[in-house]
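The values are calculated or read from the model by the stated rules, or taken from the named source; none is laboratory data. Since we're looking at a predicted model, the values are computed, not measured. Counting neighbours? That spans all protein chains shown, and the Cβs are built from the backbone with ideal geometry, glycine included. Side chains included, ligands, DNA and RNA excluded: accessible areas come from the protein's heavy atoms. Shrake-Rupley method; radii C 1.70, N 1.55, O 1.52, S 1.80 Å.
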2 protein chains.
Amino acid sequence: MIINHYEDIEAVELMEGVKKRVVIGDNEGAPTFIMRIFDLDPGKSSPYHIHPWEHEVFVLQGRAVVTNDTGDQISIEAGHTIYIPPNEKHCLTNKGEGIFRFMCLIPRGVEETEAQTVT
Amino acid sequence: MIINHYEDIEAVELMEGVKKRVVIGDNEGAPTFIMRIFDLDPGKSSPYHIHPWEHEVFVLQGRAVVTNDTGDQISIEAGHTIYIPPNEKHCLTNKGEGIFRFMCLIPRGVEETEAQTVT
């Protein structure tokens with residue numbers, strides 16, 4: 001088995017104020033799905049986007065809104081789970097004063113580059 | 001999308017002092033992998049077992065040890081991730097004074113009944 005603390009995994013800055021850690025993934029040999037942790041600075045958002053695979057999200061810290069397929073915003077905080085089916089538009093936006101941290105798992109082998117940003 | 005708070009998901013007592021919540025699974029239509037949250041009371045342990053699928057674990061709360069394939073015990077606490085490959089013996093044992101809570105994800109469609117308890 002492979003044991004790490006997520007804070008010891010390198011965080012990559014995807015865009016200003018948006019960091020990603022792949023905590024269990026290809027490096028560990030995960031065969032089916034990949035565990036990532038994202039940090040959003042206050043006011044920052046993931047892109048409003050769509051892709052043909054699902055997300056399974058667990059909120060670890062902070063306060064945010066998730067924007068759904070029809071543009072509605074739903075408040076979320078630590079302990080909330082979000083299942084986002086394939087082909088549904090979504091984004092998460094930090095509405096708190098500290099870091100908003102969440103886990104987001106995806107199937108292995110999907111290409112993030114196939115995600116389409118939408119408006 | 002489907003949003004829940006994990007505390008609102010019914011917890012099933014698998015054995016005395018060991019509770020399981022399926023927070024994203026068949027009910028939500030998850031196609032690839034299943035998110036569960038387990039609570040162990042102080043001193044309680046998951047069975048030392050083995051099965052042909054992987055676990056991806058994230059520790060949410062508390063202090064425990066994970067026992068690996070060779071019987072060694074490694075200390076873990078909130079923020080630790082554990083990748084347990086298929087066919088590796090393992091169990092988690094609460095060594096703290098409060099609840100030990102962890103997420104444990106598995107591929108969809110594997111049969112928990114195929115897991116074999118070992119000594």
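Rule-of-thumb check for segment B:10-108: C-alpha Rg over 2.2 N^0.38 Å? Walk me through the intermediate numbers first.
Values: Rg = 12.9 Å, N = 99, 2.2 N^0.38 = 12.6 Å.
Normalised by 2.2 N^0.38 Å, the Cα Rg of segment B:10-108 equals 1.02.
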So what's the gap between the Cα centers of segment A:63-119 and segment B:42-110, to the nearest angstrom?
27 Å
Per residue of segment A:82-94, what does 6.51 cos²θ - 1.76 cosθ + 1.60 with θ = phi - 60° give for ³J(HN,Hα)? Whole Hz please, x for Gly and Pro, Karplus curve as stated.
9, 9, 10, x, x, 6, 10, 5, 6, 7, 10, 10, 5
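How big is the B-A contact in terms of buried accessible area, both chains counted, 1.4 Å probe, rounded to the nearest 100 Å²? Don't jump to the answer; show the numbers that get you there.
Details: alone 7140 and 7150 Å², together 10930 Å².
In total, chains B and A hide about 3400 Å² from solvent.
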Whole-percent carbon and sulfur share, accessible surface of the protein assembly as shown, 1.4 Å:
44 percent
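When the dipole is taken about the Cα centre of the protein assembly as shown, and only Lys, Arg (+1) and Asp, Glu (-1) are charged at their Cβ, what size is it in debye, to the nearest 20? Show your work: numbers first, answer last.
Details: 20 positive and 38 negative charges, 62 e Å.
In debye, rounded to 20, the protein assembly as shown gives about 300.
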Residue A:61 versus residue B:108, label points 7 Å from Cα toward the beta carbon: distance in nm?
3.2 nm
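Quote the charge dipole size of segment B:1-111 about the Cα centre in Debye, to the nearest 20; the model charges only the Cβ of Lys and Arg (+1) and of Asp and Glu (-1). It would help to have the intermediate numbers written out before the result.
On the way: 10 positive and 17 negative charges, 27 e Å.
Roughly 120 debye for segment B:1-111.
Considering lysine pairs in the protein assembly as shown that are 8 or more places apart or on different chains, how many have Cα atoms under 16 Å apart? Kindly include the intermediate steps, with their values, before the conclusion.
Working: A:19/A:44; A:20/A:44; A:44/A:95; B:19/B:44; B:20/B:44; B:44/B:95.
The number of close lysine pairs in the protein assembly as shown is 6.
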Where GluC sites (Glu not before Pro) fall in DSSP loop in segment A:12-109, at most 11 other Cβ within 10 Å
A:16, A:97
Over segment A:10-108, give the accessible area per residue in Å² for a 1.4 Å probe, as an integer.
40 Å²
Assume the label is 7 Å from Cα along Cα to beta carbon: what separations in nm does residue B:93 have to the matching positions in the other copies?
5.0
Copy-to-copy spacing for residue B:77, label 7 Å out on the Cα-to-C-beta vector, in nm, shortest first?
2.5
